[in-house]
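Heads up: the structure comes next, in structure tokens.
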Amino acid sequence: MKRLNWAGALAVLLCAWGAQAADMPPLPAAIKEAGVLKVGVRCDQPPYGYQDQKGEFAGIEVDMAKTIADWAFGSPSKIEMTCVTADNRIPQLNARKVDLLIATLGMTPERARVIDFTKGYNWGGSDVTVPKDSPIKSLADLKGKTLAVLKGTTQAAWLEAKMPDVDLLKLNSVADGVQAVKQGRAVGFAGDKATAVVIVGRDPALRMVGQPYAITEGGIGVRKNEPEWLAYLNAAIDRMRAEKMFGPWIDKWVPAENRPLFIEAFTTPKPAEG
Amino acid sequence: MTFDTAYLVAQFPALWRGLLMTLEVSLVAMALSIVIGTAGAAARQLRIPVLSPLVFAYVELIRNTPLLVQMFFIFYGLPAIGIRLSLFWSGVASLAVWAGAFQVENIRGGLSVVGRGLYDAGLALGLRRAKVLLLVALPIGLRMSIPAMLNTSISLLKNSAYLQAIGLRDLTFVAVDRISSDFRILEMFAVLLVTYIVLVFALAAASGVVERRLRRPFAA
């Protein structure tokens, strides 16, 4: 009886291993040769990618990167992570400093002209943070007003294209944006909803407008003309979904009160624009 | 990455607006900084009570703190105490206040070469000290300080690039903003470098003309 069980378990394991091996396309020669996954991650965007108190890389996207290293090279430690910022991440990729970006990278047509994207692994909406007593109830109320936004973000591009009558005050950091609202330099700050949730959670004098807009999907970024690598990473995302890895990562990195937003963003399809 | 000239041509209108903003904010700030510098140097030279130590404190404060911090203070800090300048005037104010401190010292330096005898002659003619400064010392001192004032003005023009940090749409803002969405780094920075060099050369040439004009003997 015991003997039979062992054989059965072995058979199941072999089948599972065989199925997985078949699921993952071959690793491109150039990547295989490097022997290490050179990945660009964010270092200032909890819970996606950041550095903890000890300076160690942490977050959902960091775990994604380690998992890909494990699948590609047999160990999650065969990885070389580089901190990238919103404006230098695409140059870092195209200058071959890293071979992929898992760095809160929204898939926009402008970016798709210079790099390729895998399929999306999460989606993110945008919101506007305003003072609690602000009369602004919807995006339409912003007409003719000054709105703070960060340079190079999807919100900036969306507002310029869809709401040209909003006057944009373009700044460099989230802290500047919040400061602009608090000092009355702008009626609101347009940014990622996930960031807005954190800001509003910390500051009771602020609230969100609550009208979804500029919904983008986040994908892994790779250089143009690397189809094998793109196929490999697409398969990796499929496998993360099939093995239901995102739920535990969210539990690990996101405080309980914000989890529903992240579960929705990582495990449900992108909604149509409201 | 190849150099894409067509891209630059397409971006010309935006860059042109940025250039005009850079010129506008810089020229207004330059004029104000010279006014601040002259008034401050006069207050110091005449040893006006209260005002003279205040000017001294202002110069030290501005020269010993980073310009970027001063800009953030004027744009984000002053509204908290009820002084709300527009984005444009916040930019002008921060550049003028910064350069003004240097101009005070430049003009004081110029005034220091005016001979003691000229002051004494003015006073002997029955002029008040303020009149001597205005009619005798400043016309000579200001000429002497033109090269130093030009230096400060060039720094002001270059430092106007920092204003992109508070969202003023100057030339650097336009380039950085376009780069963050179009990723044409080489083209944009090449344009920035060339444009700033041309602006600084033009400024130096203009001041050279003024300097040569003023160097003519008084009798001529």
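The values are calculated or read from the model by the stated rules, or taken from the named source; none is laboratory data. Please read all numbers here as calculations on a predicted model, not as lab measurements. Note that we place each Cβ from the backbone using ideal geometry, even for glycine, and neighbour counts take in every protein chain shown. Areas reflect the complete protein model, heavy atoms only, side chains present, ligands, DNA and RNA absent. Shrake-Rupley method; radii C 1.70, N 1.55, O 1.52, S 1.80 Å.
Some observations on this one:
- Among the protein heavy atoms of chain B, carbon and sulfur supply 71% of the accessible surface, probe 1.4 Å, non-protein parts ignored.
- As a length-normalised measure over Cα pairs under 8 Å and 6 or more apart, the relative contact order of chain B settles at 28 percent.
- Relative to the longest principal axis of the Cα atoms of chain B, the long axis of helix B:87-111 makes an angle of roughly 40 degrees.
- For chain A: relative contact order, % (alpha-carbon pairs under 8 angstrom, 6 or more apart): 23
- Cα gyration tensor, chain A - rounded (a/c under 1.5), prolate or oblate: prolate
- When both the range A:116-142 and the range A:197-254 are represented by their alpha-carbon centers, they are found 16 Å apart.
- Contact surface B-A: accessible area buried, both sides summed, square angstrom, 1.4 angstrom probe: 1800
- At most 12 other Cβ within 10 Å, DSSP loop - chymotrypsin sites (Phe, Trp or Tyr not before Pro), the range B:1-73: B:Phe3
- A Förster radius of 30 Å, combined with the Cβ-Cβ distance separating A:Lys224 from A:Leu261, puts the computed FRET efficiency at roughly 0.35.
- Burial of 40 Å² or greater, the range B:54-85 residues [accessible area, probe 1.4 Å, versus chain by itself]: B:Phe75, B:Tyr76, B:Arg84
- Per DSSP, loop trypsin sites (Lys or Arg not before Pro) in the range B:88-181 with at most 15 further Cβ within 10 Å: B:Arg128
- Burial here means at least 40 square angstrom less accessible surface with every protein chain in place than with the chain by itself, probed at 1.4 Å; in the range A:157-194 the buried residues are A:Leu169, A:Lys170, A:Asp176, A:Gln183, A:Arg185.
- Alpha-carbon Rg/Rh ratio, for the protein assembly as shown, with Rh computed the Kirkwood way: 1.12
- Heavy-atom SASA rank of A:Arg241, A:Arg96, B:Arg44 (probe 1.4 Å, accessible area, largest first): A:Arg96, A:Arg241, B:Arg44
- Chain B: angle of helix B:5-45 to the longest principal axis, Cα-based, in degrees nearest 10: 20
- Euclidean distance between Cα centres, the range A:146-196 to the range B:82-150, Å: 42
- Ordering A:Leu139, A:Val209, A:Ile102 by the projection of their Cα atoms onto the charge dipole of chain A, which places +1 on the Cβ of Lys and Arg and -1 on the Cβ of Asp and Glu, puts A:Ile102 at the extreme positive end.
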